[in-house]
Amino acid sequence: MQRRMLGEDNPEVLKSLRSLGSTLEARKKLPEAEAAYREVLAGWRKREGSESPRALSALESVARVLIAQKKSGEAEQLLDEALTPGLVRQSSSAKLLTLSVKLKARRGQGRKLPPFTFPPAVLQ
């Protein structure tokens, strides 16, 4: 009802969805949490832009839930797409960069790791 009255990208709706996602994640209902977090991400991107602190926080939540579901490849792709050259230069990207590096390191466990490289968009 709140969505219909206020709109999909209303800050109060997005806060409620984030809270729902957090509750679902805590209860290990990961597919449902992922869906809620993706709605939050889409809403903040639409409302404030992809590089806003709220959108980045939502992106981190989506990536974290993907990893918990053993969808590391999907999480890594999501992070690589988000980590643009402009974003990487901002301190607000630190958590996303850390998560991306951890995923790349985990992928390489048990074998020699290639040198770390930033996504192609970062190097432009």
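What follows is calculated from the coordinates using simple rules that are stated; it is not laboratory data. Just so it is clear, the structure is predicted and the values come from calculations on it, not from any experiment. As a convention, Cβ positions derive from the backbone with ideal geometry for all residues, glycine included, and neighbour counts pool all protein chains shown.
Give me the net charge of THR23's neighbourhood, meaning all other residues with Cβ under 14 Å from the Cβ of THR23; Lys, Arg count +1, Asp, Glu -1. Mind dumping the intermediate values first?
Values: positive: LYS15, ARG18, ARG27, LYS28, LYS29; negative: GLU25, GLU32, GLU34.
The answer is +2.
Please compute the length gained on full extension between ARG27 and SER50, using 0.36 nm multiplied by the number of residues separating them and subtracting their Cα-Cα distance.
Additional length available on full extension: 5.5 nm.
Would you tally the net charge around LEU103, using a Cβ to Cβ cut-off of less than 14 Å, leaving LEU103 out, and scoring K and R as +1, D and E as -1?
After counting each charged neighbour, the total is +3.
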